[in-house]
Amino acid sequence: IGDEFVLANHINEARYWFQISAENGDGVAMQNLSVMIRDFNCTRANYWLKKALSTNDLGVKSRMSIKEDLKKYEVKCVPTSITE
């Protein structure tokens, strides 16, 4: 559902559905949600990337991409409170 809202450029709705799917354990949604929240909550975005790695939903390329993203973003990320 989130992908459809992204295509329709309804970003808030897409984020909502990615959040629901991520909370229900979908690794791809976790990765998508991370991308959507990266700019305003880096710590939470990294949380979802790490959580995505613990699922069986991702292929090898996605796992490699997430690991690279985490290396880059963990260095740049300024800790914020996790309130979401």
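The values are calculated or read from the model by the stated rules, or taken from the named source; none is laboratory data. This structure is a prediction, so every number in the text was calculated from the model and none was measured. All Cβ positions, even for glycine, are placed from backbone atoms using ideal geometry, and neighbour counts span all protein chains on display. For the accessible areas, the whole protein counts, side chains as well, though only heavy atoms, and no ligand, DNA or RNA atoms are used. Shrake-Rupley method; radii C 1.70, N 1.55, O 1.52, S 1.80 Å.
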* Averaging sequence separations of C-alpha pairs under 8 Å and six or more residues apart, then dividing by the length of the chain, give the relative contact order as a whole percent. => 24
* For the range 1-60: accessible area per residue (Å², 1.4 Å) -> 58
* Enumerate by residue number the chymotrypsin sites (Phe, Trp or Tyr not before Pro) in the range 1-48 meeting two conditions: DSSP loop (anything except H, G, I, E, B), and at most 16 other Cβ atoms within 10 Å of the site's Cβ. => Phe40
* To do: Pop out the carbon and sulfur fraction of the accessible area of the chain as a percent, whole number, probe 1.4 Å.
  => 54
